[in-house]
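Following: one structure in structure tokens, then a few remarks.
The values are calculated or read from the model by the stated rules, or taken from the named source; none is laboratory data. These numbers come from a predicted model, not from an experiment. Here the Cβ positions follow ideal geometry from the backbone for every residue, glycine too, while neighbour counts run over all protein chains shown.
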Protein chains: 2
Amino acid sequence: MNLPPLVQSFVLHFGEMGSRWGINRTVGQIYALLFVSPAPVCAEEIAESLGISRSNVSMSLRELQAWNLVILKHKPDDRRDFFTTPDDVWQILRTLAEERKKREVDPTLSVLREILMQRPASDAERHAQQRMSEMHTLIEQLTHWYEDVKQLETERLATLLSLGAKVTKLLEAKDRVVSLGRSRRPNPANKS
Amino acid sequence: MNLPPLVQSFVLHFGEMGSRWGINRTVGQIYALLFVSPAPVCAEEIAESLGISRSNVSMSLRELQAWNLVILKHKPDDRRDFFTTPDDVWQILRTLAEERKKREVDPTLSVLREILMQRPASDAERHAQQRMSEMHTLIEQLTHWYEDVKQLETERLATLLSLGAKVTKLLEAKDRVVSLGRSRRPNPANKS
DNA sequence: TAGTGATTTCAGAAATTTCTGAAATCACAG
DNA sequence: CTGTGATTTCAGAAATTTCTGAAATCACTA
């Protein structure tokens, strides 16, 4: 591997991190490299920079493409493919969230739904279904929220993010207004 | 493996899923088993139910304990350890979030910070730092938000969740009130 | 202190994943 | 069509991870 030291640290870290996610070392490293490169990079150069085989690069890029995490570019009069990542980090975040949901959450939801359709044949199964149903409900709540907020423009999303828990203050304010409208008096005990 | 069919599907699914996360098959299966079991289970029984070696169970339970995902119980006059998961799925979610942050996000943040401290020695490094700084900013925003909302009581969190993007409606309402206060007229273009 | 059963450790076996080089395929130019 | 270079495929090699059984440790009792 022959990279500026500062880039190398980043690339190596992403390699290690890669394995903590489902992704593997090489895929992580390639992604990191593309992310910090000032211009699109061709496969040959990736192989050289990271000191890995050309075929490994090919397969890893395929993986990254399956994740929608890289963009293909072309130069005039050059048949080779060049690769980059999207410029906008928010866009990257959205893609990542979407793909992880698709791979990690959706299959679980569908298994849960399927199991919950079945008739329990014993007390043990009845209890198991009860637990799975709790899990199912929670995951559904989370994905609904996600489907909802992912529609927001980035600017709005950022605002929401920076508010953090302070939005609950707004909710309390709203509650006061609402209960004021109903009872002509603020009711601080109202939490719904 | 000798389990009620409905439980078995669940356990097998979590096993497969486990590998898509950083966690391994056995760990996933054990967790699933504990999650749906009506009472705490001892190591021997886990090994038997899943058809794996006693020592594998021991190591996997250790892993789950490192994740704070299991609870140890004891029966009177029985030296064996029995294991369960917390009852409250929200609590499980919180633990999961916390542990994943600790393992996946925090190390990245600290690597980024470290690299950003260094002096770039070339244009390539300057550009790389610029990109890493974008990433760093985004991750910090996300973790601040997380640190903030994780403090909320579950009930409040659930409310927030079910509101989803509708909270932006509240923000707009607030904006109107605020700008009304300032200019004596609502200003619909105000987005901040 | 010796004995008993539960649990953990750990070296190596087994399984799985990742990576490579050689060959195949593909896309285009002449 | 033929040649050229880029890219992909894929069988097996290499590396890594997971799992096991045997031995060690531990906690407690008699």
Out of the residues in segment A:22-57 meeting the condition of being of a type in the set (S, T, N, Q) and assigned to a loop (DSSP other than H, G, I, E, B), tell me which one is farthest from DNA strand D (Cβ to nearest atom).
A:S37
All-but-one check, A:L96 against (1) within 11 Å of DNA strand D (Cβ to nearest atom); (2) under 16 Å from the mean Cα position of the chain (by Cα), failing number (1)
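What's the total number of residues in segment B:13-49 that are more than 21 Å from the chain's Cα centre (by Cα) and of a type in the set (A, V, I, L, M)?
Of segment B:13-49, the ones more than 21 Å from the chain's Cα centre (by Cα) are B:37-49.
Those left that are additionally of a type in the set (A, V, I, L, M): B:39, B:41, B:43, B:46-47.
Total satisfying the criteria: 5.
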So B:R113 clears everything in (1) free of Cβ contacts under 8 Å to residues at least 12 places away in the same chain; (2) more than 12 Å from the chain's Cα centre (by Cα); (3) assigned to a helix (DSSP H, G or I) except one condition, right? Which one?
(1)
Here are B:T85, B:T26, B:T95: which of them is modelled with pLDDT of 95 or more and surrounded by fewer than 17 Cβ atoms within 10 Å (Cβ to Cβ)?
B:T95
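Take the residues of segment B:100-121 that are of a type in the set (A, V, I, L, M, F, W, C) and in contact with a helix residue (DSSP H, G or I) (Cβ under 8 Å, 6 or more places away or on another chain): which is nearest to A:G18 (Cα to Cα)?
Let us first name the residues in segment B:100-121 that are of a type in the set (A, V, I, L, M, F, W, C), namely B:105, B:109, B:111-112, B:115-117, B:121.
The next check asks that each one be in contact with a helix residue (DSSP H, G or I) (Cβ under 8 Å, 6 or more places away or on another chain); those that pass are B:105, B:109, B:111-112, B:115-116, B:121.
Numbers: B:V105: 12, B:L109: 15, B:V111: 14, B:L112: 15, B:I115: 19, B:L116: 21, B:A121: 27 Å.
Taking the candidates together, the pick is B:V105.
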Quick check: is even one residue across segment B:122-145 within 7 Å of another protein chain (Cβ to nearest Cβ), surrounded by fewer than 16 Cβ atoms within 10 Å (Cβ to Cβ) and among the small types (G, A, S)?
yes
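Return yes when B:S162 is at the interface with chain A (Cβ under 10 Å from one of its Cβ atoms), surrounded by fewer than 17 Cβ atoms within 10 Å (Cβ to Cβ), modelled with pLDDT under 95 and not in a helix (DSSP H, G or I) and no when it is not.
On the way: at the interface with chain A (Cβ under 10 Å from one of its Cβ atoms): yes; surrounded by fewer than 17 Cβ atoms within 10 Å (Cβ to Cβ): yes; modelled with pLDDT under 95: yes; not in a helix (DSSP H, G or I): no.
Answer is no for this residue.
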So, of the residues in segment B:31-57 that are without any contact (Cβ under 8 Å) to a residue 40 or more places away in the chain and crowded, with 19+ Cβ neighbours inside 10 Å, which turns out to be nearest to DNA strand C (Cβ to nearest atom)?
B:V57
Among B:S60, B:S19, the single one that is of a type in the set (S, T, N, Q), buried (at least 22 other Cβ atoms within 10 Å of the Cβ) and either free of Cβ contacts under 8 Å to residues at least 12 places away in the same chain or near DNA strand D (Cβ under 8 Å from one of its atoms) (or both) is B:S60
In segment A:58-105, how many residues are within 16 Å of DNA strand C (Cβ to nearest atom), over 19 Å from A:F14 (Cα atoms) and either within 14 Å of chain B (Cβ to nearest Cβ) or part of a loop (DSSP other than H, G, I, E, B) (or both)?
10
Does segment B:127-147 include one or more residues that are in contact with a helix residue (DSSP H, G or I) (Cβ under 7 Å, 6 or more places away or on another chain), outside the structural domain of B:I23 (by the TED database), at pLDDT below 95 and part of a helix (DSSP H, G or I)?
no
